[in-house]
Amino acid sequence: MSDLTANIEKATAYLARFADNGVMNIIDGKTVPALTGQTFDNASPVDEAFLCKVAKSGAADIDAAAKAAHAAFPAWRDMPLVERKKILHKIADGIVARAEEIAFAECLDTGQAIRFMSKAALRGAENFRFFADKAPAARDGQALPSPTLMNVTTRTPIGPVGVITPWNTPFMLSTWKIAPALAAGCTVVHKPAEFSPITAHILAEIAHEAGLPAGVWNLVNGFGEDAGKALTEHKLIKAIAFVGESSTGSMIMRQGSETLKRVHFELGGKNPVIVFDDADQERALDAAIFMIYSLNGERCTSSSRLLVQKSIAGQFTDKLVKRVENIKVGHPLDPETEVGPLIHKVHYDKVCSYFDIAKQDGATIAAGGKAPQGKGHYVRPTLFTEATPDMRIAQEEIFGPVLTTLTFETEEEALEIANGTDYGLTGYVWTQDITRAMRFTDKLEAGMIWVNSENVRHLPTPFGGVKASGIGRDGGEWSFDFYMEQKHIGFAIGEHKIPRLGA
Ligand code: NAD
């Protein structure tokens, strides 16, 4: 039996219970259908086959979940922090124990290739361990004495929070948001993406098996315009941590304005990788290819714009074309596969529409630009050349395995092109000149920049974007800044003069 056939058999066995029972909600520790009993079908990106029914929830389900999160909040907030730490570590243990199930489910539900997803569960477990270890210090503050007062600060969790996640790497992103929220002492209502609900359910199950009290973590499935919108509008929900498109972020900000929601947004990107002529070209090539064609290009931090200095552009692009043509597209559970099918038909149509847009605008399709025959949302890795910075393919987030190449002559021109979009999530700079790297990164409009490196996530560092790419930062203490309130208390240390009115 081939590795692929064996993997498909295993994945089918793991998903059988969802095929039979559907993916339901988890509210106040109980697995329940939507209150209306309604469901929608979830299909596989591989062949559009039926995977499972999913609870189609609305405002009433969100209300039940928000009330459960509200009721569970005081006890979770006041639980001794070392106890909280233990539960979070147990969740991490549970993730590790079910890593294969999570990886296989993620592949079939999202189309992401197993070569990347096999590590996703372990990275999710690391997110829990990192914030578990930070939990005991979550309430820590400062002492800021003045001549008359001993001023101290403490942090308190903000309350029940809503977490809304996208479909591109749903398991990882859910852990990324929920682990710090729980470590801070918040309770959670999670609304996962409608197109990829399975691993969010497994994750919430693991949390309950690890001893998380009922109501601390509630899961509500459904569409953005129903369940998602209701969550952002609910009075008992104090903040929304959202990962998704920039336009959805704008909607959420409007929806949450009535109840003055605190928001944390991780949004889209059109991230530049800038290769100067003194760069280590082989490493730059590897990194640029990895950052756009891994995870099917459905990656917020993807290097979707390649800016190459003119003096090396010809040779660099020649090598790039050969490599892109060689990328293996296939079934997500095949260990050889480098690019799998895109998440769903609507997204596949959007990505493919850029092939015509590129031609109409005058760019060249140097590789790919077509979809293989047959079922499934497969797209050949695509490379656009002869593009100019104002073209739509150089401005808009395509969110697929599609790279737009631009050229520049000078550092100033590179900076202008790199900063010339609405987005500002990541940037990647390749040069051996450290002074130039310092100067360039200082002016590059991005929340995260790597020099002579692909994106390597280090959990204590701040993750987030500028401009239309986001508001707020994740990671380390920055996560606690969002999920907690700062409180100042001033204790008089003597009898200082108090102004007397009406005396
Ligand atoms: P999306 O914005 O369409 O959906 C994301 C989530 O928002 C889903 O759960 C959806 O149901 C929900 N939603 C939709 N409308 C809503 C509404 N009116 N109110 C409340 N919730 C609503 O995004 P997507 O297509 O699922 O994901 C792809 C996008 O996510 C890309 O733009 C990508 O760049 C971005 N992303 C960003 C990061 C980051 O860290 N910056 C990470 C991953 C993905």
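Scanning segment 23-73 for residues that are surrounded by 19 or more Cβ atoms within 10 Å (Cβ to Cβ), within 30 Å of V339 (Cβ to Cβ) and either over 25 Å from the mean Cα position of the chain (by Cα) or not hydroxyl-bearing (S, T, Y) (or both) turns up V23, N42, P45, V46, L51, C52, K53, V54.
Being touching a Lys or Arg at 6+ places or on another chain (Cβ under 6 Å) and not in a loop (DSSP other than H, G, I, E, B) is the filter; apply it to segment 237-265 and report the residue that is nearest to the ligand (Cβ to nearest atom). If we take residues in segment 237-265 being touching a Lys or Arg at 6+ places or on another chain (Cβ under 6 Å) and not in a loop (DSSP other than H, G, I, E, B), then Q255 is nearest to the ligand (Cβ to nearest atom).
The set of residues from segment 205-236 being in a loop (DSSP other than H, G, I, E, B) and either within 21 Å of the chain's Cα centre (by Cα) or on the phi > 0 side of the Ramachandran plot (or both) comprises G211, G215, V220, N221, G222, F223. Checking T187, T153 one by one, the residue that is away from the ligand (no atom under 14 Å from the Cβ), open to solvent by 10 Å² or more (accessible area, probe 1.4 Å) and farther than 14 Å from N221 by Cβ is T153 and no other. For segment 96-125, how many residues meet the condition of being open to solvent by 10 Å² or more (accessible area, probe 1.4 Å) and within 12 Å of A11 (Cβ to Cβ)? Qualifying residue count for the region: 5. Just one of the numbered conditions (1) surrounded by fewer than 18 Cβ atoms within 10 Å (Cβ to Cβ); (2) away from the ligand (no atom under 13 Å from the Cβ) is not true of E225: (2). Here the condition is being open to solvent by 10 Å² or more (accessible area, probe 1.4 Å) and modelled with pLDDT of 95 or more; of V216, V263, it holds for V263 alone.
Looking across segment 458-503, the residues that are within 16 Å of the ligand (Cβ to nearest atom), open to solvent by less than 50 Å² (accessible area, probe 1.4 Å) and in a strand (DSSP E or B) come down to F463, V466, G470, D474. Residue under question is V351, and the condition is that it be of a type in the set (A, V, I, L, M), touching a Leu at 6+ places or on another chain (Cβ under 7 Å) and either within 30 Å of I8 (Cβ to Cβ) or away from the ligand (no atom under 16 Å from the Cβ) (or both); does it hold? Considered against the rule, which asks whether it is of a type in the set (A, V, I, L, M), touching a Leu at 6+ places or on another chain (Cβ under 7 Å) and either within 30 Å of I8 (Cβ to Cβ) or away from the ligand (no atom under 16 Å from the Cβ) (or both), V351 comes out as yes. For segment 269-283, indicate whether the set of residues that are under 30 Å from A120 (Cα atoms), modelled with pLDDT of 95 or more and polar (S, T, N, Q) is non-empty. Yes, segment 269-283 contains at least one residue that is under 30 Å from A120 (Cα atoms), modelled with pLDDT of 95 or more and polar (S, T, N, Q).
Per-residue answers, yes or no, for (1) open to solvent by less than 10 Å² (accessible area, probe 1.4 Å); (2) under 23 Å from R17 (Cβ atoms); (3) out of contact with any Leu (no Cβ under 8 Å at 6 or more places or on another chain):
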{"residue": "L144", "(1), (2), (3)": "no, no, yes"}
{"residue": "P160", "(1), (2), (3)": "yes, no, no"}
{"residue": "P197", "(1), (2), (3)": "yes, yes, yes"}
{"residue": "I206", "(1), (2), (3)": "yes, yes, yes"}
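Within segment 295-333, the set of residues being in contact with an Asp or Glu (Cβ under 7 Å, 6 or more places away or on another chain) and among the charged types (D, E, K, R) comprises K310, K328. If the condition is being among the acidic types (D, E), out of contact with any strand residue (DSSP E or B) (no Cβ under 8 Å at 6 or more places or on another chain) and either open to solvent by 60 Å² or more (accessible area, probe 1.4 Å) or not assigned by TED's automatic domain parsing to the domain that holds L403 (or both), then segment 266-293 contributes E282, D286.
Considering every residue within segment 447-457, establish whether at least one is among the β-branched types (V, I, T), over 23 Å from I289 (Cα atoms) and either in a loop (DSSP other than H, G, I, E, B) or within 11 Å of the ligand (Cβ to nearest atom) (or both). The answer is no; no qualifying residue exists.
Among the criteria (1) open to solvent by 10 Å² or more (accessible area, probe 1.4 Å); (2) more than 16 Å from the ligand (Cβ to nearest atom); (3) touching a Ser or Thr at 6+ places or on another chain (Cβ under 9 Å), the one R129 does not fulfil is (3). Does segment 305-326 include one or more residues that are closer than 27 Å to I102 by Cα, away from the ligand (no atom under 16 Å from the Cβ) and assigned to a loop (DSSP other than H, G, I, E, B)? So far as segment 305-326 goes, no, none of its residues is closer than 27 Å to I102 by Cα, away from the ligand (no atom under 16 Å from the Cβ) and assigned to a loop (DSSP other than H, G, I, E, B).
Can you say whether A121 is closer than 30 Å to V339 by Cα and at pLDDT 95 or above, as far as the supplied structure shows? Taking the combined requirement at face value, the residue does not satisfy it. Of all residue pairs spaced 6 or more apart or on separate chains, none has beta-carbon atoms under 6 Å together with a first member in segment 142-158 that is at pLDDT below 95 and a second member that is open to solvent by 70 Å² or more (accessible area, probe 1.4 Å).
The values are calculated or read from the model by the stated rules, or taken from the named source; none is laboratory data. Here the structure is a predicted model, which is why all the values come from computation and not from measurement. Neighbour counts are summed over all protein chains in view; Cβ atoms, including those assigned to glycine, are modelled from backbone coordinates with ideal geometry. Accessible surface areas use protein heavy atoms only, side chains included; no ligands, DNA or RNA. Shrake-Rupley method; radii C 1.70, N 1.55, O 1.52, S 1.80 Å.
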